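Data block below; observations after.
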Amino acid sequence: MALAPKSEVWKFYVRINDKIAKCNVCGNNIKTSGNTTNLRCHIKTKHKNIFEEHFNRSNQNNTRVASSLETPSEAAIEIGNKSTSSTSTSLTASSSRASTLSPSPSIASTSSGSTCISVSNYKQYGSLNQSFANISSFREGGNKNSKITDGILFMICRDSEPISVVENEGFQYLMKLVAPLYKIPSRRTFDELLDKKYEFVSNMLKEKLSGIQYICLTTDVWTETHQTRSFLGVTAHYVSNDTDDLKLQGVTLEVYELEERHTGENLAQTLKEICTKWNIKDDVVIAVVTDGGSNMIKAVELAFDKKRHTYCFAHLLNLLVQKSIESLPLLKSLLEQVKTIVSWFRSSVIGSDELRKRTVNSTEKTLIQSVSTRWNSTYYMVERFLALREIVSSIINFNTTAPPMIIAKDVEFLQDFVLLFKPIEVATKEACGERFVTLNTTSFLQQQQY
């Protein structure tokens with residue numbers, strides 16, 4: 001005697017025997033195979049509305065049904081009686097990985113026991129070979145593996161990230177989400193790949209520079225203050241020989257650490273070595289832009305010749321501003337007062353918090369400090385101070401530790417300062433352009449020099 005049905009799916013079936021049940025909805029006979037998997041599958045595929053309305057009603061039942069339907073080794077067999085003399089059977093096999101690639105064909109059983117496969121409703125999503133090829137492409141040496149690795153190298157170089165970023169937990173979690181099959185190379189591997197990439201790119205650049213007809217160099221010496229080490233930076237600017245894409249291009253050739261004294265002779269020798277390394281011939285260098293340091297001028301004269309030296313126009317403008325301020329004691333004193341106020345806000349927690357609260361809806365949220373080596377920084381400091389002067393004044397007046405506020409008469413003086421130096425700020429930004437030629441704007445300075 002058959003056991004009483006326990007599963008809710010039996011509400012839609014009548015048990016004929018231990019292996020066959022009849023669907024109350026469509027009347028087809030379904031093989032049970034000793035369980036209800038086929039019965040659920042029939043309701044889900046043939047009577048979707050009933051499945052969604054009934055089996056999603058209870059969270060517990062829904063979880064149990066979903067779990068049974070999503071089992072990787074699940075097989076659903078449907079037997080339909082079209083007539084009393086013949087029975088048709090369809091078998092649908094699915095797996096968690098292959099189901100999205102190749103849906104199962106239907107298998108029909110005749111009354112004689114023979115089996116035939118029907119592919120009339122077969123949808124081709126991709127072959128099994130393509131699936132394995134896709135997986136293999138993520139392995140070392142694969143196409144996708146190489147693209148992802150090159151992308152990480154580009155990110156490290158473009159964003160100046162440390163190579164150790166590949167070991168960070170957050171980065172590894174991100175890569176696990178976007179490319180689960182990709183195995184992140186070690187930090188040492190990326191270090192070696194970076195050297196190889198630099199070798200490859202530098203060789204391409206050397207070959208390109210060897211065919212450029214005219215090149216302009218810019219160079220300067222700067223000091224890293226934390227460890228008191230000096231470097232010579234050299235950049236090259238040129239117009240590409242590609243007639244289809246004529247535009248100004250620039251590249252940083254070297255950031256060379258200087259271990260000798262910064263004499264004109266030593267700097268000249270370093271410049272010639274850098275040019276030789278990058279296949280830049282002496283006769284293609286039409287100009288070398290530097291500041292007004294005597295050692296830099298001497299270096300260009302020894303390495304090339306004096307006529308090819310060009311002063312940095314933006315640097316000259318910055319010196320003009322500094323000397324103008326030095327010649328006006330009242331303006332210099334007033335700017336020092338502004339710097340003192342800005343310094344107080346940057347060092348006072350109370351002042352900076354209050355300023356932040358009152359500028360929530362303002363585009364200018366903080367004060368800017370003047371830095372002598374940063375072009376236009378004094379102008380930007382005064383401009384921002386004037387924009388926030390009302391808020392700054394109200395905060396200073398309620399803090400006994402704050403420096404005295406600028407009086408109204410001095411505010412007018414600062415406004416005149418901004419109007420006077422605005423053209424210099426615009427000229428400096430124009431002279432610092434990297435995608436267009438700026439040497440022609442300084443031709444009048446060259447005529448005065450030579």
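The values are calculated or read from the model by the stated rules, or taken from the named source; none is laboratory data. What you are looking at is a predicted structure, and each value in this text was computed from that prediction instead of being measured. Every residue, glycine among them, receives a Cβ derived from its backbone with ideal geometry; neighbour counts consider all protein chains shown.
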Of all the helices (runs of 4 or more DSSP H) wholly in the stretch 130-214, which have at least 3 residues that are on the phi > 0 side of the Ramachandran plot?
none
Checklist (1) under 26 Å from Ser294 (Cα atoms); (2) in a helix (DSSP H, G or I); (3) in contact with a strand residue (DSSP E or B) (Cβ under 7 Å, 6 or more places away or on another chain) applied to Gln269, failing item:
(3)
Residue satisfying condition, being touching a residue at least 60 places away in the same chain (Cβ under 8 Å) and among the aromatic types (Phe, Trp, Tyr), within set Tyr214, Tyr256, Tyr238:
Tyr214
List the residue pairs whose Cβ atoms are under 6 Å apart, where the first residue sits in the stretch 323-342 and is within 13 Å of Thr378 (Cα to Cα), the second is of a type in the set (Lys, Arg) and in a helix (DSSP H, G or I), and the two are 6 or more positions apart or on different chains.
Ile325/Lys332
Check the stretch 183-204 and report whether any residue there is surrounded by fewer than 16 Cβ atoms within 10 Å (Cβ to Cβ), farther than 30 Å from Arg139 by Cβ and in contact (Cβ under 8 Å) with a residue 12 or more places away in the chain.
no
Is it the case, given these coordinates, that Val360 is closer than 19 Å to Val392 by Cα and at pLDDT 90 or above?
no
Kindly list the number of the only condition in (1) free of Cβ contacts under 8 Å to residues at least 40 places away in the same chain; (2) among the aliphatic types (A, V, I, L, M); (3) touching a Phe, Trp or Tyr at 6+ places or on another chain (Cβ under 6 Å); (4) not in a loop (DSSP other than H, G, I, E, B) that fails for Leu367.
(4)
All-but-one check, Ile341 against (1) under 35 Å from the mean Cα position of the chain (by Cα); (2) surrounded by 14 or more Cβ atoms within 10 Å (Cβ to Cβ), failing number (1)
Would you check which residues across the stretch 353-408 are closer than 27 Å to Gln322 by Cβ and of a type in the set (Phe, Trp, Tyr) and list them?
Trp375, Tyr379, Tyr380, Phe385
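To keep it simple, each residue is scored yes or no on (1) in the same structural domain as Tyr198 (by TED's automatic domain parsing); (2) surrounded by 12 or more Cβ atoms within 10 Å (Cβ to Cβ); (3) at pLDDT 50 or above.
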site: Thr110; (1), (2), (3): no, yes, no
site: Lys123; (1), (2), (3): no, no, no
site: Ser127; (1), (2), (3): no, no, yes
site: Phe132; (1), (2), (3): no, no, yes
site: Gly141; (1), (2), (3): yes, no, yes
site: Thr149; (1), (2), (3): yes, yes, yes
site: Met155; (1), (2), (3): yes, yes, yes
site: Val165; (1), (2), (3): yes, yes, yes
